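The structure under discussion appears below in the form of structure tokens.
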Amino acid sequence: MIPATSSKLKVLIVDDSSFMRMAIRGILTKAPGVEIVGIAADGMEGVEKALALKPDLITMDVEMPRMDGIAALKQIMAKQPTRVLMVSTLTCEGARATFEALEAGAIDYVPKNVSDCKDAQASFQAALLAKVREASVSAIPRRAGIGLVPRVAPAAQVRPSQFANRRVGFVGIGASTGGPVALQEVLSRIPVNFPHGIVVAIHMPKAFTGPYAERLNAKCSLSIREAVDGDIVKGGQVLIAPGGMHTTLVKQGSNLVVRTQPTTEFPQYIYIPSVDQMITSMADASGGAMLGVILTGMGNDGFKGMKHLKEKGGLTLVQNEATSTIYGMPRACIDGKVADVVLPLDQIGFEIGRIG
């Protein structure tokens, strides 16, 4: 259900496929609290209708004639910032285009996976409704994209480190909606000589985590790649938990080692990969000698993991409300009193980087 407001959520559908336009319209028309105010068959028409109709949310295809979805998105963000949900193909190219769109100001994306298969149709319907619900309570974009942040620390530090002289050997980071851009902001502020290994769990499909890791690796000074089973967590390296499965950390000798496991082994987790599973297992494997970080995202995935980490004597940090696209995951940690430190997005990476 869409959150109750004084009026319905006005949605504009932009897609060059008549099948997809009908599919999206059919799904959203039945959703309580949603009104379809317009349909466009390409990016150029989409921009025109966005400016004229002033929708609350736009579903935007990526590949379209005359003007593609990313070009249309950039024009809309420059002229009239609006919540935009990209409809992306489940391919590497689709993933790359999606991340470009997120940097340009899109709120989120939904994988385009509609076929004659009833399971695929049901999956797309559920994902679309969930993403629209999340987008409806998200912050309206105020800027398009982020640049590569210099690794040079300020000459004078205004305050001491929140984690000075505390026992930290590893860092675990969790995120969801708004997370792809937020995580790039965080990791780009951590220096290349950072001595602790970092593991990230972000809710993404299987086809997206590999291209996302490649994109981060090209934009940040740290070594970043998609994790594989058997990887050892090392200083100066970031491992992105692969989509479509869960990631567990186990101790082998003095090392923390990645174990990837099918979702059937953890039916209690609805979010994939699970932040709770990653942080909980990392806390156990490290004996609590770690920092848990929760960034923007819908729901409460990560709260149980952060609570377990606190019980193990670990440290916790979460993103503040003002800079979160969606405040659900950080708020769960704050309301549950498991957040040691709360910071705006542009300070989180800097604070992590100061851990010795």
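The values are calculated or read from the model by the stated rules, or taken from the named source; none is laboratory data. Just so we're clear, the structure is a prediction, and the values are computed from it rather than from any experiment. Because the Cβ atoms are built from the backbone with ideal geometry, glycine has one as well, and the counts that use them run over all protein chains shown.
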| Based on what the data block shows, is Lys49 farther than 30 Å from Glu185 by Cα, in a helix (DSSP H, G or I) and touching a Gly at 6+ places or on another chain (Cβ under 8 Å)? | yes
| message | All but one of (1) under 24 Å from the mean Cα position of the chain (by Cα); (2) more than 21 Å from Ala95 (Cα to Cα); (3) part of a helix (DSSP H, G or I) hold for Val11; state the number of the condition that does not hold. | response | (3)
| message | Checking the conditions here, which among Lys112, Lys79, Lys118, Lys74 is assigned by TED's automatic domain parsing to the domain that holds Ile27 and under 17 Å from Ala207 (Cβ atoms)? | response | Lys112
| task | Could you grab the pairs with beta carbons closer than 8 Å, sequence gap of 6+ or different chains, first residue in the range 69-85 and among the hydroxyl-bearing types (Ser, Thr, Tyr), second one surrounded by 22 or more Cβ atoms within 10 Å (Cβ to Cβ) and assigned to a helix (DSSP H, G or I)? | result | Thr82/Ala50; Thr82/Ile76
| request: Kindly indicate whether Thr247 is assigned to a strand (DSSP E or B), modelled with pLDDT of 95 or more and either surrounded by 18 or more Cβ atoms within 10 Å (Cβ to Cβ) or in contact with a Pro (Cβ under 6 Å, 6 or more places away or on another chain) (or both). | output: yes
| request: Find the residue count for the range 308-322, including only residues that are within 21 Å of Ile107 (Cα to Cα), hydrophobic (A, V, I, L, M, F, W, C) and buried (at least 18 other Cβ atoms within 10 Å of the Cβ). | output: 1
| remark: If we ask which residues in the range 86-102 are surrounded by 18 or more Cβ atoms within 10 Å (Cβ to Cβ) and either in contact (Cβ under 8 Å) with a residue 40 or more places away in the chain or aromatic (Phe, Trp, Tyr) (or both), their number turns out to be 7
| said: Suppose the filter is part of a strand (DSSP E or B) and aliphatic (A, V, I, L, M); does Ala201 pass it? | reply: yes
| field | Candidates Thr209, Thr260, filtered to the one that is at pLDDT 95 or above and under 15 Å from the mean Cα position of the chain (by Cα) | value | Thr209
| query | Based on what the data block shows, is Thr325 modelled with pLDDT under 95, in contact with a strand residue (DSSP E or B) (Cβ under 9 Å, 6 or more places away or on another chain), buried (at least 24 other Cβ atoms within 10 Å of the Cβ) and not in a helix (DSSP H, G or I)? | reply | yes
| note | Restricting the range 58-99 to residues that are in a strand (DSSP E or B) and farther than 13 Å from Gly46 by Cβ, the one modelled with the lowest pLDDT turns out to be Thr89
| Name the pairs: first residue in the range 315-333 and over 13 Å from Thr177 (Cβ atoms) and assigned by TED's automatic domain parsing to the domain that holds Asp276, second residue assigned to a loop (DSSP other than H, G, I, E, B) and of a type in the set (Lys, Arg), Cβ to Cβ under 8 Å, at least 6 apart or on different chains? | Leu315/Arg166
| task | Would you check which residues across the range 273-303 are touching a Gly at 6+ places or on another chain (Cβ under 6 Å), of a type in the set (A, V, I, L, M) and either surrounded by fewer than 24 Cβ atoms within 10 Å (Cβ to Cβ) or closer than 14 Å to Ser324 by Cβ (or both) and list them? | result | Ala289, Ile294, Leu295, Met298
